[in-house]
Each structure stands twice: as structure tokens, then as C-alpha cells.
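First up is the structure itself, then whatever we jot down about it.
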Amino acid sequence: MTHVKAEIASQPDCWRLAAKLADSRGLPARGERVAVVGCGTSWFMAMAYASLRERAGEGETDAFQASEFPHGRRYDRIVAITRSGTTTEIVELLDAAGGTPTTVLTADSAQPAAARATDAIVLDFADEESVVQTRFATSALALLRAHLGEEIDPVAADAEVAVRLPLPVHPALAEQITFLGRGWTVGLAHEAALKCREAASYWAEAYPAMDYRHGPISIAGPRRVVWAFGDVPVGLADDVEATGASFVHSRYHGGYAALGRWCGGRAPLDPMADLVLAQRVAVLLATSQGLDPDSPRHLTRSVVLG
């Protein structure tokens, strides 16, 4: 078994452990104006959290790729998500924060990011052997969701279902996947597409669901898949299927015809649990080509610039 496959399967337990850290010092207080930063996968988790925090009425929250942080803008707190704690852009941003309080979510307390932050929350139980991030990023998001008052145990229970479900995409039948989201799940859609590109060098894209019909739908067709997280705009499934592409959404959870619409009667999976399915698909896409999803080409665990 690859490391990443085992790490994906461990996510329900990791999420429950992460939720226990919801009262940690340094997490944003209600009313604070907050910037959340990350790189790659961590940036997409920042996007999801920023949307959730504003939806919860906790305060204005912006998400940035760390290198694009607007240093002239005032925030009450900066939250940085970094598995390794060594990523150059994150460390430089923390050094430049001045008097702004900073909080780091990391898997390694011994690395520079934790030392430079005002507060560090360590999720070492979610660290990973694989270069490709799965459980650390989702555990960070589980922690942040718990801090917003969300119950994580039902989310973890959905993930326990997701690690056992048959997969809705078969490598031999799909040449491309487009992931869609709305609100906080736009970040999850971007992350799902990144997993396919990273692990399997596979053509995957992501868009906000309402924007999909404003151009990107033009690539839809037979042997292509559109996978939606969270709420689905009215008529979107029909529009996708009219192109010959297949539509996947957890509302139809409970079994599926390969590359067909999900079917069944139970409630939809939580979108974060649906991401677990997408992670599993990415690993399958990699192994079906003889690729090692633990060590994708051109990638390292952390980007440290010389």
C-alpha cells in the first residue's frame, strides 16, 4: 500500500483529533479581521475556511496565496497553514508581519514557521510520508471548522463511508475531470483538481459552479466528467449531461454506474468527505498508469527557495 492511500484512509480519526484542538490559543476571535494564507493545497484550505468564517458571521476573512499577500492591508490576525513549516513564502510572510499577531497551523513544531509565529498549533498526528498532501490539509480545515462551532464527528462519519465507497470515476473510461464548487467548496474543488494533477499528471480543472457555464462547459463531452461539491445550481446536471459528459455529485450517493450520476436515497456526503473520494480517485489515476502517487515528478515535500 502506498503511504498516501493509508493517509487518506486515516482522515476520519485525524479529523476527530483535530476537533479537540478547537479551543487552542491563537485561533481567530469573533470580529477579528483575518487573513488566511497558504501555498498549494494549504491555500485551497484557506479559501474554504475564509468562506466558512464569513458565512458564520465571525468576521471579514480573506484568503491569499502567501506570495501574493497584500502587505499594505491591515488585518487583526494572519493565519498560516503549512504542513512542513519550511515553505519559503510562508516564512518570509511571517517575518514581514510586523506587529500583526500570527498563528501557524503546522505538522512540525521544530521548523521555522512555528518559531516565527505568535502562536503555533501543531497537528503532528496528521503529518504525512507522502509528498502529496491529504490528511494534514483536511485536518487543518476540520480544526478550523470545529472552531467555528461545527460538529466534526458527523463529518468524520461521512468520511468513514467515503473511504469504503466504490469510486465514481474509472481511469479507463475518463480522460478528463472538471471539479466545481460553490462558496466554501470552491476551495475543495481546486484541491481535488490539484490532487489529480499532482498525483497522476492528469488533466483536471476547477471552477465556481455558477461560472462553469460561462465558457468552461465548452470542453465537456463524452469520456469527460464534471464532479460538483456541495450545492448544485439548478439545471447544471442536465446541462452537463446534454454535452455527453458524466455528472458526479454526492447527493446521488449510494452506488453509481461507472461515470454515471450517483444514485441512492441517503443524504449527501459532507463536501469534505466527498473530497476524500476525489483523493482516492487521484491515487487510482496514478497507479493505473504505473506512477508513484507518493513521489510525483518535479515535486518535493516543501518548496524552499535558495
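The values are calculated or read from the model by the stated rules, or taken from the named source; none is laboratory data. Computed from a prediction, not measured in an experiment: that's the story for all the values here. Please note: Cβ atoms are built from the backbone with ideal geometry, for glycine as well, and neighbour counts cover all protein chains shown. Accessible surface areas use protein heavy atoms only, side chains included; no ligands, DNA or RNA. Shrake-Rupley method; radii C 1.70, N 1.55, O 1.52, S 1.80 Å.
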**Message:** Distance between the C-alpha centers of the range 142-158 and the range 37-99? Whole Å please.
**Reply:** 21
**Asked** Counting every Cα pair in the range 102-246, what percent are over 27 Å apart?
**Response** 34
**Overall Cα dimensions of the range 1-110 - principal axes, largest extent first, Å** = 47, 31, 22
**Request:** Starting from the range 1-110, pick out the trypsin sites (Lys or Arg not before Pro) whose DSSP state is loop and whose Cβ has at most 14 other Cβ atoms within 10 Å.
**Result:** 20, 25, 30, 33, 73, 74
**Complete:** Among trypsin sites (Lys or Arg not before Pro) in the range 267-306, those in a DSSP loop whose Cβ has at most 14 other Cβ atoms within 10 Å are 297
**Asked** For the chain, what D do you get in µm² per second when you plug the Kirkwood radius from alpha-carbon pairs into Stokes-Einstein at 37 °C and 0.692 mPa s?
**Response** 169
**Carbon and sulfur %, accessible surface of the range 1-132 computed with the full protein complex present, 1.4 Å** = 46
**Asked** Which value, in Å² and to the nearest 10, is the accessible area of residue 17 when all protein chains are kept and the probe is 1.4 Å?
**Response** 80
